[in-house]
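Participant: Mind looking over this structure? Questions follow.
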Amino acid sequence: MTASPAPHLPGAVLRPVRGHHAFEACVEQLATAIRLGVYPLGSTLPPERELAAMLHVSRATLREAMAALREAGLVQTTRGRGGGTVVTLKPRTPPARAAARISVARRSEWLDALEFRRIVESGAAYLAASATLDQEQRSQLERAHAEVAAASKAAQHRQADSRFHLTIASLSGSPRTVEAVTSVQATLHEMLLAIPVLGTNIAHSDRQHAALVRAIESGNAERARKTMEQHCDDTAALLRGLLV
């Protein structure tokens, strides 16, 4: 079965490119969206014209970025009727002893990202719970949560987890919050790929996700904030223990 991206996420996560380095920024944004599962394995990227408009770049710049993604093995493009660019990057499972190969400077950067995550993701949860969500937005949140709970493989769970957190950020209604959460989720993705997959942690995380959904849907902003803070703190404690 062909995979499909969550309809609400690409428009929230992909943002207009700023500055003079349009090519590099396009590659970074699209590669991050693919690695976090916004565009999962087997899904088709939007047409060139649509992607260029989302990123506010020329089609020539976008073509160069897509060529780089193809060369890196993230996508594959077929031409002609029925063609398109399909995600070929398989979600990764942490390799053995990956944490032992992390540099001291990288560890320091990651620890700072954990502090930043606690601030921006708890804020995103607070804003999402404070918003008046329509039925479609509630369905988006519930689908994202269900995908995490249903993921049977560790690599699929990692991407579904990212999509859940990005969905909460998108419900905040704040593009800058979405940008910040996308950034910390990209770093968190790297970190979690450096430690073993722990079933106990996944089960605990899933319970916290369920509590987040309840708090957001009931409009309890303070409960949503505190639940997300605890969720971030627990993940940070695990990562500090296994990476430092």
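Bear in mind that the values in this text are calculations on the coordinates, not laboratory data. What you see is a predicted model, and the numbers here were worked out from it, not measured in a lab. Every residue, glycine among them, receives a Cβ derived from its backbone with ideal geometry; neighbour counts consider all protein chains shown.
Participant: With +1 on each Lys and Arg Cβ and -1 on each Asp and Glu Cβ, and nothing else charged, work out how big the dipole of the chain is about its Cα centre, in Debye to the nearest 20.
Facilitator: So the dipole magnitude of the chain works out to roughly 540 debye.
Participant: A further question follows. With an 8 Å cut-off on Cα pairs and a minimum separation of 6 or more residues, tell me the relative contact order of the chain in percent.
Facilitator: About 25 percent, as a whole number.
Participant: May I pose another question? Nothing charged except the Cβ atoms of Lys and Arg (+1) and of Asp and Glu (-1): what's the magnitude of the dipole of segment 32-161 about its Cα centre? Round to the nearest 20 debye.
Facilitator: 640
Participant: Using only Cα atoms, tell me the angle between helix 199-217 and the longest principal axis of the chain; keep it within 0 to 90° and round to the nearest 10.
Facilitator: Roughly 90 degrees, rounded to the nearest 10.
Participant: Angle between the Cα long axis of helix 104-130 and the longest principal axis of the chain, 0 to 90 degrees, nearest 10?
Facilitator: Between helix and principal axis, roughly 80 degrees.
Participant: At a Förster distance of 22 Å, what's the computed FRET efficiency of Ala210 paired with Asp233, Cβ-Cβ distance as r, to 0.05?
Facilitator: That gives a FRET efficiency of 0.80.
Participant: In addition: Using a/c under 1.5 as the rounded threshold, could you call segment 132-244 rounded, prolate or oblate? The axes a ≥ b ≥ c are square roots of the C-alpha gyration tensor eigenvalues, and prolate needs a/b larger than b/c, oblate otherwise.
Facilitator: It is prolate, given that a/c is not under 1.5 and a/b is the larger ratio.
Participant: Angle, helix 175-192 long axis vs. longest principal axis of the chain, Cα atoms, 0 to 90°, nearest 10?
Facilitator: Compared with the principal axis, the helix lies near 80 degrees.
Participant: Let me make sure I get this right: for segment 42-173, a, b and c are the square roots of the gyration tensor eigenvalues over alpha carbons, sorted descending. Under 1.5 in a/c it's rounded, otherwise prolate if a/b > b/c, else oblate. Which is it?
Facilitator: oblate
Participant: In a GNM of the chain with a 10 Å cut-off on Cα contacts, which of Ser122, Ser152, Ser130 has the highest mean-square fluctuation?
Facilitator: Ser152
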